[in-house]
Amino acid sequence: MSIIINEVFAEKAKLLKRPLLKKKVHPRRFAEIKKNKAAFQGYQVIEKEDISFPVKINSRDKILLDFGDHFVGYLSFSLDHYPELKITDTPIRFKFTFGEFPYEIMTPPEEYKGGLGSGWLQNEERSYVFLPCDGALERRYAFRYLLIERTDSASFPVKISDIVCTAVSAVDTDDVPQISTGDERLDRIYNMSLKTLKECEQDVFEDGPKRDRRLWIGDLRLQALTDYCTFKNTELIKRCIYLFAAYRGEHKMVAPCIFPDSPPCVDEWTFCDYSLFFISCLYDYIKFTEDLSLAEELYETALTQALTVYESIDKTCGSTVLNPFIDWCPSLDKSVAFQGVFIYTMRQLKFISERLGRPTDKIEGFIDTVKNTLLSFCDEDKGLFVTAKGQISWHSQIWAVLSGILTKEENTVILKKITCTDTEFTMRTTYMRHFYIEALYNNSMKKEALDFIKSYWGQIIDAGFDCCPEVFNPDNEFESPYHAPEINSACHAWSCTPAYWIPELLK
Ligand code: RAM
(Lines give C-alpha, C1' and ligand atoms only; values in the text may rest on other atoms or scores of the structure.)
Protein backbone atom coordinates (compact mmCIF):
# COMPACT_ATOMS: atom_id res chain seq x y z
CA MET A 1 0.00 0.00 0.00
CA SER A 2 1.35 3.37 -0.95
CA ILE A 3 0.15 6.38 0.99
CA ILE A 4 1.11 9.94 0.21
CA ILE A 5 1.28 12.22 3.22
CA ASN A 6 1.15 15.99 2.96
CA GLU A 7 3.16 16.84 6.07
CA VAL A 8 2.04 20.49 6.12
CA PHE A 9 -1.65 19.56 6.26
CA ALA A 10 -0.95 16.73 8.71
CA GLU A 11 0.85 19.14 11.04
CA LYS A 12 -1.97 21.69 10.82
CA ALA A 13 -4.47 18.96 11.71
CA LYS A 14 -2.31 17.97 14.67
CA LEU A 15 -2.09 21.54 15.95
CA LEU A 16 -5.88 21.81 15.90
CA LYS A 17 -6.28 18.88 18.29
CA ARG A 18 -7.72 20.06 21.60
CA PRO A 19 -8.12 18.36 24.99
CA LEU A 20 -11.51 16.73 25.50
CA LEU A 21 -14.02 17.81 28.14
CA LYS A 22 -14.50 15.26 30.93
CA LYS A 23 -17.43 14.64 33.22
CA LYS A 24 -17.86 12.00 35.91
CA VAL A 25 -21.19 10.20 35.68
CA HIS A 26 -22.57 7.55 37.99
CA PRO A 27 -25.04 4.75 37.34
CA ARG A 28 -28.57 5.93 38.05
CA ARG A 29 -30.24 2.68 39.09
CA PHE A 30 -30.37 -1.08 38.82
CA ALA A 31 -32.38 -2.46 35.94
CA GLU A 32 -33.61 -5.68 34.47
CA ILE A 33 -34.16 -6.56 30.82
CA LYS A 34 -37.17 -8.78 30.10
CA LYS A 35 -38.48 -10.36 26.95
CA ASN A 36 -41.55 -8.52 25.69
CA LYS A 37 -42.82 -9.00 22.15
CA ALA A 38 -44.40 -5.55 22.16
CA ALA A 39 -41.09 -3.81 22.91
CA PHE A 40 -38.50 -2.77 20.29
CA GLN A 41 -36.45 -5.83 19.28
CA GLY A 42 -38.42 -7.84 21.85
CA TYR A 43 -36.73 -6.51 25.00
CA GLN A 44 -38.05 -4.19 27.64
CA VAL A 45 -36.03 -2.46 30.35
CA ILE A 46 -37.57 -2.54 33.83
CA GLU A 47 -36.20 0.14 36.10
CA LYS A 48 -35.30 -1.07 39.59
CA GLU A 49 -34.10 0.56 42.80
CA ASP A 50 -31.51 3.34 43.03
CA ILE A 51 -27.95 2.25 43.64
CA SER A 52 -26.28 2.63 46.99
CA PHE A 53 -22.68 1.55 47.30
CA PRO A 54 -21.10 -0.79 48.14
CA VAL A 55 -22.86 -3.52 46.19
CA LYS A 56 -22.29 -7.07 47.43
CA ILE A 57 -21.51 -9.58 44.69
CA ASN A 58 -21.25 -13.33 45.11
CA SER A 59 -19.85 -15.80 42.62
CA ARG A 60 -22.20 -16.13 39.57
CA ASP A 61 -24.14 -12.97 40.52
CA LYS A 62 -25.08 -10.52 37.78
CA ILE A 63 -25.96 -6.88 38.17
CA LEU A 64 -27.33 -4.65 35.44
CA LEU A 65 -26.66 -0.93 35.86
CA ASP A 66 -28.57 1.78 34.03
CA PHE A 67 -26.64 5.05 33.66
CA GLY A 68 -29.91 6.82 32.73
CA ASP A 69 -28.62 8.14 29.40
CA HIS A 70 -26.08 7.39 26.67
CA PHE A 71 -22.45 8.10 27.56
CA VAL A 72 -19.05 7.73 25.90
CA GLY A 73 -16.26 7.15 28.35
CA TYR A 74 -14.04 5.11 30.59
CA LEU A 75 -15.15 2.91 33.47
CA SER A 76 -13.53 2.79 36.88
CA PHE A 77 -14.55 1.30 40.25
CA SER A 78 -13.20 -0.01 43.56
CA LEU A 79 -13.23 -3.58 44.77
CA ASP A 80 -12.90 -4.82 48.32
CA HIS A 81 -13.42 -7.98 50.30
CA TYR A 82 -15.31 -8.51 53.57
CA PRO A 83 -12.31 -9.16 55.88
CA GLU A 84 -14.65 -10.25 58.65
CA LEU A 85 -15.98 -13.03 56.36
CA LYS A 86 -12.98 -14.12 54.34
CA ILE A 87 -9.73 -12.69 52.96
CA THR A 88 -9.54 -12.96 49.18
CA ASP A 89 -7.41 -16.07 48.74
CA THR A 90 -8.19 -16.66 45.09
CA PRO A 91 -8.54 -14.25 42.15
CA ILE A 92 -11.88 -12.68 41.45
CA ARG A 93 -13.11 -12.45 37.89
CA PHE A 94 -15.64 -10.11 36.34
CA LYS A 95 -17.19 -9.93 32.91
CA PHE A 96 -18.32 -6.48 31.76
CA THR A 97 -20.84 -6.08 28.94
CA PHE A 98 -21.65 -2.57 27.78
CA GLY A 99 -24.72 -1.82 25.70
CA GLU A 100 -26.21 1.19 23.99
CA PHE A 101 -29.50 -0.73 23.76
CA PRO A 102 -31.02 -3.81 25.43
CA TYR A 103 -30.59 -6.21 22.48
CA GLU A 104 -26.84 -5.62 22.58
CA ILE A 105 -26.72 -6.69 26.24
CA MET A 106 -28.95 -9.73 25.76
CA THR A 107 -27.33 -11.26 22.66
CA PRO A 108 -24.59 -13.75 23.62
CA PRO A 109 -21.27 -12.80 21.95
CA GLU A 110 -20.59 -16.51 21.25
CA GLU A 111 -23.51 -16.49 18.80
CA TYR A 112 -22.23 -13.51 16.81
CA LYS A 113 -22.13 -14.17 13.05
CA GLY A 114 -22.00 -10.59 11.74
CA GLY A 115 -20.03 -9.27 8.80
CA LEU A 116 -17.82 -7.01 10.95
CA GLY A 117 -15.15 -8.27 13.34
CA SER A 118 -16.51 -9.42 16.71
CA GLY A 119 -13.91 -7.22 18.45
CA TRP A 120 -16.43 -4.40 18.18
CA LEU A 121 -18.72 -6.19 20.64
CA GLN A 122 -18.50 -4.26 23.86
CA ASN A 123 -17.41 -6.80 26.43
CA GLU A 124 -14.34 -7.94 28.30
CA GLU A 125 -13.37 -10.15 31.23
CA ARG A 126 -10.86 -9.16 33.92
CA SER A 127 -9.22 -10.83 36.92
CA TYR A 128 -8.43 -9.14 40.24
CA VAL A 129 -5.90 -11.00 42.32
CA PHE A 130 -5.52 -8.99 45.53
CA LEU A 131 -8.23 -6.92 47.20
CA PRO A 132 -8.82 -4.11 47.94
CA CYS A 133 -7.96 -2.64 44.57
CA ASP A 134 -9.09 -0.07 42.06
CA GLY A 135 -10.25 -1.33 38.71
CA ALA A 136 -10.37 0.53 35.40
CA LEU A 137 -10.90 -0.51 31.79
CA GLU A 138 -8.65 1.21 29.23
CA ARG A 139 -11.02 0.81 26.31
CA ARG A 140 -13.49 3.62 25.77
CA TYR A 141 -17.10 2.41 25.66
CA ALA A 142 -20.34 3.86 24.32
CA PHE A 143 -23.24 2.75 26.46
CA ARG A 144 -26.19 3.33 28.71
CA TYR A 145 -26.38 -0.16 30.25
CA LEU A 146 -23.60 -2.09 31.95
CA LEU A 147 -23.93 -5.74 32.91
CA ILE A 148 -21.40 -6.94 35.47
CA GLU A 149 -21.17 -10.70 35.98
CA ARG A 150 -18.94 -12.37 38.53
CA THR A 151 -17.57 -15.39 36.69
CA ASP A 152 -15.15 -17.01 39.18
CA SER A 153 -16.33 -19.78 41.51
CA ALA A 154 -14.84 -18.64 44.85
CA SER A 155 -17.38 -19.01 47.64
CA PHE A 156 -17.12 -15.58 49.23
CA PRO A 157 -18.68 -12.23 48.39
CA VAL A 158 -16.83 -9.06 47.41
CA LYS A 159 -18.01 -5.49 47.38
CA ILE A 160 -17.89 -3.13 44.46
CA SER A 161 -18.23 0.62 44.90
CA ASP A 162 -17.54 3.98 43.27
CA ILE A 163 -18.58 2.81 39.82
CA VAL A 164 -17.91 5.85 37.65
CA CYS A 165 -17.80 6.61 33.96
CA THR A 166 -15.50 9.44 32.95
CA ALA A 167 -17.50 10.69 30.00
CA VAL A 168 -15.61 12.47 27.22
CA SER A 169 -16.51 14.76 24.34
CA ALA A 170 -15.11 17.78 22.55
CA VAL A 171 -18.29 19.73 23.32
CA ASP A 172 -20.98 20.30 25.93
CA THR A 173 -24.70 20.44 25.13
CA ASP A 174 -25.11 23.05 27.89
CA ASP A 175 -23.26 25.50 25.63
CA VAL A 176 -26.03 25.35 23.01
CA PRO A 177 -29.15 27.44 23.69
CA GLN A 178 -32.24 25.35 24.49
CA ILE A 179 -34.73 25.00 21.68
CA SER A 180 -38.43 25.65 22.08
CA THR A 181 -40.38 25.01 18.89
CA GLY A 182 -43.77 24.85 20.58
CA ASP A 183 -43.93 21.19 19.60
CA GLU A 184 -42.71 18.88 22.35
CA ARG A 185 -41.92 16.02 19.94
CA LEU A 186 -39.78 18.22 17.69
CA ASP A 187 -37.93 19.55 20.74
CA ARG A 188 -37.16 15.97 21.81
CA ILE A 189 -35.94 15.06 18.32
CA TYR A 190 -33.72 18.16 18.28
CA ASN A 191 -32.24 17.32 21.69
CA MET A 192 -31.64 13.69 20.75
CA SER A 193 -29.88 14.79 17.55
CA LEU A 194 -27.75 17.33 19.39
CA LYS A 195 -26.79 14.70 21.96
CA THR A 196 -25.86 12.32 19.11
CA LEU A 197 -23.55 14.89 17.60
CA LYS A 198 -21.98 15.61 20.98
CA GLU A 199 -21.30 11.92 21.64
CA CYS A 200 -19.63 11.55 18.22
CA GLU A 201 -17.57 14.72 18.58
CA GLN A 202 -14.25 13.52 20.01
CA ASP A 203 -10.65 14.02 18.75
CA VAL A 204 -12.26 13.87 15.32
CA PHE A 205 -15.89 13.72 14.24
CA GLU A 206 -16.37 9.98 14.71
CA ASP A 207 -19.11 8.20 12.77
CA GLY A 208 -20.16 6.37 15.91
CA PRO A 209 -18.49 6.25 19.33
CA LYS A 210 -19.16 2.52 19.59
CA ARG A 211 -18.18 1.71 15.99
CA ASP A 212 -16.37 2.44 13.67
CA ARG A 213 -14.89 5.25 15.81
CA ARG A 214 -13.38 6.83 12.68
CA LEU A 215 -13.67 9.90 10.60
CA TRP A 216 -15.84 9.12 7.55
CA ILE A 217 -16.24 11.99 5.12
CA GLY A 218 -19.89 11.29 4.31
CA ASP A 219 -20.63 11.50 8.01
CA LEU A 220 -18.31 14.48 8.56
CA ARG A 221 -20.13 16.56 6.01
CA LEU A 222 -23.45 16.13 7.84
CA GLN A 223 -21.88 16.54 11.27
CA ALA A 224 -20.15 19.75 10.22
CA LEU A 225 -23.37 21.12 8.76
CA THR A 226 -25.10 20.54 12.10
CA ASP A 227 -22.15 21.72 14.17
CA TYR A 228 -21.89 25.11 12.42
CA CYS A 229 -25.41 25.85 13.72
CA THR A 230 -25.04 24.35 17.20
CA PHE A 231 -21.66 23.80 18.91
CA LYS A 232 -19.77 25.94 16.38
CA ASN A 233 -16.62 23.85 16.85
CA THR A 234 -15.12 25.14 13.60
CA GLU A 235 -11.58 24.25 14.64
CA LEU A 236 -12.49 20.58 14.78
CA ILE A 237 -14.18 20.78 11.38
CA LYS A 238 -11.03 22.37 9.96
CA ARG A 239 -8.85 19.72 11.60
CA CYS A 240 -10.90 16.94 10.00
CA ILE A 241 -10.81 18.55 6.55
CA TYR A 242 -7.02 18.86 6.82
CA LEU A 243 -6.78 15.19 7.79
CA PHE A 244 -8.56 14.15 4.59
CA ALA A 245 -6.27 16.33 2.49
CA ALA A 246 -3.18 15.10 4.36
CA TYR A 247 -3.53 11.34 3.93
CA ARG A 248 -4.31 9.95 0.49
CA GLY A 249 -3.47 6.93 -1.60
CA GLU A 250 -1.34 7.21 -4.73
CA HIS A 251 -4.51 7.79 -6.75
CA LYS A 252 -4.86 11.16 -4.89
CA MET A 253 -8.53 10.57 -4.17
CA VAL A 254 -9.81 11.58 -0.77
CA ALA A 255 -10.26 8.47 1.35
CA PRO A 256 -13.73 7.49 2.54
CA CYS A 257 -12.43 7.33 6.09
CA ILE A 258 -9.40 8.17 8.20
CA PHE A 259 -8.00 6.17 11.13
CA PRO A 260 -6.51 9.21 12.87
CA ASP A 261 -4.45 7.26 15.41
CA SER A 262 -3.41 4.26 13.31
CA PRO A 263 -0.79 5.03 10.68
CA PRO A 264 -0.83 4.84 7.68
CA CYS A 265 -4.25 6.40 8.55
CA VAL A 266 -6.06 5.43 5.31
CA ASP A 267 -6.80 2.40 3.18
CA GLU A 268 -6.41 2.65 -0.58
CA TRP A 269 -9.98 1.82 -1.61
CA THR A 270 -12.46 4.64 -2.21
CA PHE A 271 -16.11 5.59 -2.47
CA CYS A 272 -16.14 8.18 -5.25
CA ASP A 273 -19.22 10.04 -3.95
CA TYR A 274 -17.50 10.30 -0.56
CA SER A 275 -14.36 11.70 -2.27
CA LEU A 276 -16.53 14.32 -3.97
CA PHE A 277 -18.00 15.35 -0.62
CA PHE A 278 -14.59 16.84 0.15
CA ILE A 279 -15.78 19.62 -2.16
CA SER A 280 -19.03 19.90 -0.16
CA CYS A 281 -17.05 20.21 3.06
CA LEU A 282 -15.12 23.19 1.66
CA TYR A 283 -18.31 24.68 0.21
CA ASP A 284 -20.08 24.54 3.60
CA TYR A 285 -16.96 25.89 5.32
CA ILE A 286 -17.08 29.00 3.13
CA LYS A 287 -20.85 29.39 3.50
CA PHE A 288 -20.80 29.21 7.28
CA THR A 289 -17.50 30.95 8.09
CA GLU A 290 -17.08 33.34 5.13
CA ASP A 291 -13.39 32.38 5.36
CA LEU A 292 -11.83 31.61 1.97
CA SER A 293 -8.35 30.69 3.18
CA LEU A 294 -9.00 26.98 3.76
CA ALA A 295 -10.57 26.54 0.32
CA GLU A 296 -7.67 28.44 -1.21
CA GLU A 297 -5.19 26.13 0.46
CA LEU A 298 -7.06 22.94 -0.42
CA TYR A 299 -8.39 23.92 -3.85
CA GLU A 300 -6.06 21.59 -5.75
CA THR A 301 -7.19 18.65 -3.64
CA ALA A 302 -10.81 19.49 -4.40
CA LEU A 303 -10.14 19.90 -8.11
CA THR A 304 -8.31 16.56 -8.25
CA GLN A 305 -11.47 14.83 -6.96
CA ALA A 306 -13.53 16.40 -9.72
CA LEU A 307 -11.06 15.55 -12.50
CA THR A 308 -10.45 11.97 -11.36
CA VAL A 309 -14.13 11.18 -10.98
CA TYR A 310 -15.08 12.90 -14.23
CA GLU A 311 -12.49 10.85 -16.15
CA SER A 312 -13.94 7.66 -14.69
CA ILE A 313 -17.46 8.35 -16.00
CA ASP A 314 -18.72 6.49 -19.05
CA LYS A 315 -20.33 9.46 -20.84
CA THR A 316 -22.97 7.37 -22.63
CA CYS A 317 -24.41 5.55 -19.62
CA GLY A 318 -23.14 7.78 -16.80
CA SER A 319 -21.74 4.95 -14.70
CA THR A 320 -18.33 4.99 -13.00
CA VAL A 321 -15.84 2.29 -12.19
CA LEU A 322 -14.99 4.16 -9.01
CA ASN A 323 -17.62 2.61 -6.73
CA PRO A 324 -20.02 5.12 -5.16
CA PHE A 325 -21.58 4.42 -1.74
CA ILE A 326 -24.99 6.23 -2.00
CA ASP A 327 -26.79 4.05 0.61
CA TRP A 328 -26.85 0.58 2.17
CA CYS A 329 -29.65 -0.58 -0.14
CA PRO A 330 -28.98 -4.12 -1.46
CA SER A 331 -28.72 -4.54 -5.29
CA LEU A 332 -29.19 -0.81 -5.85
CA ASP A 333 -28.22 0.40 -9.34
CA LYS A 334 -26.36 3.53 -8.23
CA SER A 335 -25.49 5.05 -11.60
CA VAL A 336 -28.27 7.66 -11.82
CA ALA A 337 -27.91 8.72 -8.19
CA PHE A 338 -24.16 8.97 -8.67
CA GLN A 339 -24.59 11.37 -11.61
CA GLY A 340 -26.80 13.49 -9.37
CA VAL A 341 -24.08 13.60 -6.71
CA PHE A 342 -21.52 14.52 -9.36
CA ILE A 343 -23.50 17.49 -10.66
CA TYR A 344 -24.44 18.58 -7.11
CA THR A 345 -20.78 18.71 -6.07
CA MET A 346 -19.67 20.31 -9.35
CA ARG A 347 -22.08 23.19 -8.73
CA GLN A 348 -20.44 23.61 -5.32
CA LEU A 349 -16.99 23.51 -6.91
CA LYS A 350 -18.09 26.16 -9.36
CA PHE A 351 -19.20 28.35 -6.45
CA ILE A 352 -15.86 27.84 -4.69
CA SER A 353 -13.94 28.59 -7.89
CA GLU A 354 -15.88 31.79 -8.45
CA ARG A 355 -15.24 32.94 -4.90
CA LEU A 356 -11.53 32.25 -5.34
CA GLY A 357 -11.40 33.92 -8.76
CA ARG A 358 -10.46 30.68 -10.52
CA PRO A 359 -11.65 29.61 -14.00
CA THR A 360 -14.93 27.72 -14.12
CA ASP A 361 -15.26 26.76 -17.80
CA LYS A 362 -13.95 23.22 -17.32
CA ILE A 363 -16.35 22.60 -14.43
CA GLU A 364 -19.26 24.01 -16.43
CA GLY A 365 -18.32 21.60 -19.22
CA PHE A 366 -18.43 18.70 -16.73
CA ILE A 367 -21.87 19.78 -15.57
CA ASP A 368 -23.25 20.05 -19.12
CA THR A 369 -21.94 16.67 -20.23
CA VAL A 370 -23.22 14.75 -17.22
CA LYS A 371 -26.48 16.70 -17.24
CA ASN A 372 -27.23 15.42 -20.75
CA THR A 373 -26.49 11.84 -19.74
CA LEU A 374 -28.58 12.15 -16.59
CA LEU A 375 -31.53 13.62 -18.49
CA SER A 376 -31.53 10.60 -20.80
CA PHE A 377 -32.64 8.50 -17.81
CA CYS A 378 -35.75 10.59 -17.22
CA ASP A 379 -38.62 8.40 -18.39
CA GLU A 380 -41.28 10.75 -19.80
CA ASP A 381 -44.11 8.20 -19.47
CA LYS A 382 -43.35 7.27 -15.90
CA GLY A 383 -42.37 10.83 -14.95
CA LEU A 384 -39.46 9.38 -12.94
CA PHE A 385 -35.79 8.54 -13.40
CA VAL A 386 -35.27 4.92 -14.41
CA THR A 387 -31.78 3.37 -14.43
CA ALA A 388 -30.25 1.35 -17.28
CA LYS A 389 -31.18 -1.78 -15.31
CA GLY A 390 -34.80 -0.59 -15.24
CA GLN A 391 -34.74 0.27 -11.54
CA ILE A 392 -36.86 3.01 -10.04
CA SER A 393 -35.28 3.95 -6.75
CA TRP A 394 -35.76 6.73 -4.23
CA HIS A 395 -32.03 7.36 -4.56
CA SER A 396 -32.20 8.14 -8.29
CA GLN A 397 -35.09 10.58 -7.79
CA ILE A 398 -33.58 12.35 -4.79
CA TRP A 399 -30.17 12.85 -6.36
CA ALA A 400 -31.63 13.85 -9.73
CA VAL A 401 -33.66 16.48 -7.88
CA LEU A 402 -30.64 17.63 -5.87
CA SER A 403 -28.55 17.95 -9.04
CA GLY A 404 -30.73 20.95 -9.88
CA ILE A 405 -31.14 20.04 -13.57
CA LEU A 406 -34.96 20.25 -13.52
CA THR A 407 -37.39 23.01 -12.65
CA LYS A 408 -38.94 23.33 -9.18
CA GLU A 409 -42.29 22.20 -10.58
CA GLU A 410 -40.74 19.09 -12.13
CA ASN A 411 -38.87 18.32 -8.91
CA THR A 412 -42.04 18.64 -6.85
CA VAL A 413 -43.88 16.19 -9.10
CA ILE A 414 -41.03 13.65 -8.81
CA LEU A 415 -40.78 13.99 -5.03
CA LYS A 416 -44.53 13.46 -4.66
CA LYS A 417 -44.63 10.59 -7.14
CA ILE A 418 -41.89 8.55 -5.49
CA THR A 419 -43.83 8.41 -2.20
CA CYS A 420 -46.61 6.46 -3.94
CA THR A 421 -44.41 4.31 -6.18
CA ASP A 422 -44.07 0.66 -5.33
CA THR A 423 -40.33 -0.10 -5.30
CA GLU A 424 -38.01 -2.23 -3.17
CA PHE A 425 -35.25 0.35 -3.67
CA THR A 426 -36.07 2.58 -0.73
CA MET A 427 -33.89 4.69 1.57
CA ARG A 428 -32.14 2.45 4.09
CA THR A 429 -29.95 4.80 6.05
CA THR A 430 -30.72 7.99 7.94
CA TYR A 431 -27.84 9.42 5.92
CA MET A 432 -29.89 8.97 2.73
CA ARG A 433 -32.91 10.42 4.50
CA HIS A 434 -30.94 13.60 5.10
CA PHE A 435 -30.69 14.12 1.35
CA TYR A 436 -34.40 13.46 0.94
CA ILE A 437 -35.08 16.26 3.43
CA GLU A 438 -32.67 18.51 1.53
CA ALA A 439 -34.51 17.75 -1.72
CA LEU A 440 -37.84 18.66 -0.08
CA TYR A 441 -36.37 21.81 1.47
CA ASN A 442 -34.85 23.03 -1.82
CA ASN A 443 -38.22 22.71 -3.49
CA SER A 444 -40.32 24.64 -0.96
CA MET A 445 -41.73 21.48 0.63
CA LYS A 446 -40.85 22.51 4.18
CA LYS A 447 -44.03 21.09 5.70
CA GLU A 448 -43.42 17.68 4.11
CA ALA A 449 -39.84 17.78 5.40
CA LEU A 450 -40.91 18.58 8.97
CA ASP A 451 -43.64 15.94 8.90
CA PHE A 452 -41.10 13.42 7.67
CA ILE A 453 -38.67 14.26 10.49
CA LYS A 454 -41.45 14.07 13.05
CA SER A 455 -42.63 10.74 11.81
CA TYR A 456 -39.30 8.97 11.21
CA TRP A 457 -37.21 10.33 14.09
CA GLY A 458 -40.34 10.26 16.27
CA GLN A 459 -40.47 6.49 15.79
CA ILE A 460 -36.81 6.31 16.83
CA ILE A 461 -37.78 7.99 20.11
CA ASP A 462 -40.73 5.63 20.55
CA ALA A 463 -38.42 2.66 20.07
CA GLY A 464 -36.51 3.80 23.17
CA PHE A 465 -33.26 5.09 21.69
CA ASP A 466 -31.37 7.79 23.61
CA CYS A 467 -29.48 8.92 20.49
CA CYS A 468 -30.06 8.62 16.75
CA PRO A 469 -29.01 5.22 15.43
CA GLU A 470 -27.03 4.17 12.37
CA VAL A 471 -29.88 2.05 11.04
CA PHE A 472 -33.58 2.25 11.83
CA ASN A 473 -36.23 0.57 9.75
CA PRO A 474 -39.67 0.81 11.35
CA ASP A 475 -40.75 -2.22 9.27
CA ASN A 476 -37.82 -4.40 10.28
CA GLU A 477 -36.50 -3.85 13.79
CA PHE A 478 -33.61 -6.26 13.15
CA GLU A 479 -32.25 -4.65 9.99
CA SER A 480 -28.48 -4.58 9.96
CA PRO A 481 -26.06 -3.98 7.07
CA TYR A 482 -23.79 -6.42 8.90
CA HIS A 483 -26.43 -9.14 9.44
CA ALA A 484 -26.15 -8.71 13.20
CA PRO A 485 -28.28 -5.99 14.82
CA GLU A 486 -26.22 -6.14 18.03
CA ILE A 487 -23.23 -4.63 16.18
CA ASN A 488 -25.31 -1.74 14.79
CA SER A 489 -24.38 1.61 16.24
CA ALA A 490 -27.14 3.25 18.28
CA CYS A 491 -25.51 6.66 18.28
CA HIS A 492 -24.47 7.50 14.77
CA ALA A 493 -23.37 10.82 13.38
CA TRP A 494 -25.11 10.66 10.04
CA SER A 495 -28.48 10.59 11.82
CA CYS A 496 -27.96 13.84 13.73
CA THR A 497 -29.11 16.35 11.12
CA PRO A 498 -32.57 17.11 12.57
CA ALA A 499 -30.60 19.47 14.85
CA TYR A 500 -29.66 21.29 11.66
CA TRP A 501 -32.98 20.92 9.87
CA ILE A 502 -35.55 21.70 12.57
CA PRO A 503 -34.50 25.35 13.14
CA GLU A 504 -33.93 25.78 9.40
CA LEU A 505 -37.35 24.40 8.47
CA LEU A 506 -39.09 26.57 11.05
CA LYS A 507 -37.55 29.80 9.72
C1 RAM B 1 -20.50 2.41 7.88
C2 RAM B 1 -20.53 3.48 8.88
C3 RAM B 1 -20.15 4.86 8.38
C4 RAM B 1 -20.48 5.08 6.94
C5 RAM B 1 -20.02 3.94 6.10
C6 RAM B 1 -20.28 4.10 4.64
O7 RAM B 1 -19.34 1.67 8.04
O8 RAM B 1 -21.82 3.48 9.35
O9 RAM B 1 -20.80 5.80 9.18
O10 RAM B 1 -20.03 6.31 6.46
O11 RAM B 1 -20.68 2.79 6.55
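Observations on the structure shown:
- Restricting the range 423-506 to GluC sites (Glu not before Pro) in coil, as DSSP defines it, with at most 11 other Cβ within 10 Å: GLU424
- Restricting the range 19-52 to trypsin sites (Lys or Arg not before Pro) that sit in a DSSP loop and have at most 11 other Cβ atoms within 10 Å of their own Cβ leaves LYS37.
- Rolling a 1.4 Å probe over the protein heavy atoms of the chain, with every protein chain left in place, gives an accessible area that is 49 percent carbon and sulfur.
- Cα Rg, Dmax, the range 28-180, angstrom units: 17.0, 58
- For ALA170, distant residues with modelled amide H under 5 Å away: LEU21, GLU201, GLN202
- Net charge contributed by nearby residues that have their C-beta within less than 13 Å of ASP368 (K/R +1, D/E -1): +3
- Cα-based equivalent ellipsoid, the chain: semi-axes from gyration tensor eigenvalues, Å: 45, 25, 21
- Scalar couplings 3J(HN,Hα) for the range 260-273, obtained by applying the Karplus form with A = 6.51, B = -1.76, C = 1.60 to θ = phi - 60°, are x, 10, 10, x, x, 6, 9, 8, 8, 6, 9, 10, 5, 5 Hz; x denotes Gly and Pro.
- Pairs of Cα atoms nearer than 8 Å and 6+ residues apart set the relative contact order; for the range 253-335 it is 30 percent.
- Alpha-carbon radius of gyration plus Dmax, which is the widest Cα pair, for the range 378-507 in Å: 15.4, 45
- Over the chain: helical MRE at 222 nm, DSSP H runs n ≥ 4 each giving -39500 (n - 2.57), nearest 500: -12000 deg cm²/dmol
- Subset of LYS24/LYS86; LYS56/LYS95; LYS17/LYS95; LYS371/LYS417 violating a 27 Å alpha-carbon distance limit: LYS24/LYS86; LYS17/LYS95
- Given charges at beta-carbon only (K, R positive; D, E negative), |dipole| of the chain in Debye: 420
- Solvent-accessible surface of the range 21-169, taken per residue with a 1.4 Å probe and all protein chains present: 49 Å².
- Rounded tilt (10° steps) of 408-419 against the dominant C-alpha axis of the chain: 40
- Furthest towards positive pole of dipole, TYR82, SER153, VAL72, structure part the range 69-154, Cβ charges: VAL72
- Under Karplus coefficients 6.51, -1.76 and 1.60, residue-wise ³J(HN,Hα) of the range 349-361 in Hz, glycine/proline x: 5, 4, 4, 4, 4, 4, 5, 8, x, 9, x, 10, 4
- Peptide packing: for 307-320, 50-63, the average count of neighbouring Cβ atoms within 10 Å per residue gives the ranking 307-320, 50-63, highest mean first.
- When each of LYS252/LYS416; LYS23/LYS62; LYS238/LYS408 is checked by Cα-Cα distance, pairs over 30 Å: LYS252/LYS416; LYS238/LYS408
- When +1 charges are put on Lys and Arg Cβ atoms and -1 charges on Asp and Glu Cβ atoms, the dipole computed for the range 51-151 relative to its Cα centre reaches about 120 debye.
- Cleavage-rule hits (GluC sites (Glu not before Pro)) in the range 89-163: DSSP loop, at most 14 neighbouring Cβ within 10 angstrom: GLU138
The values are calculated or read from the model by the stated rules, or taken from the named source; none is laboratory data. Since the structure is predicted, the reported quantities are computational estimates derived from the model, not experimental observations. Because the Cβ atoms are built from the backbone with ideal geometry, glycine has one as well, and the counts that use them run over all protein chains shown. Ligands, DNA and RNA are stripped out before the accessible areas are found, and what is left, the full protein with its side chains, is counted by its heavy atoms. Shrake-Rupley method; radii C 1.70, N 1.55, O 1.52, S 1.80 Å.
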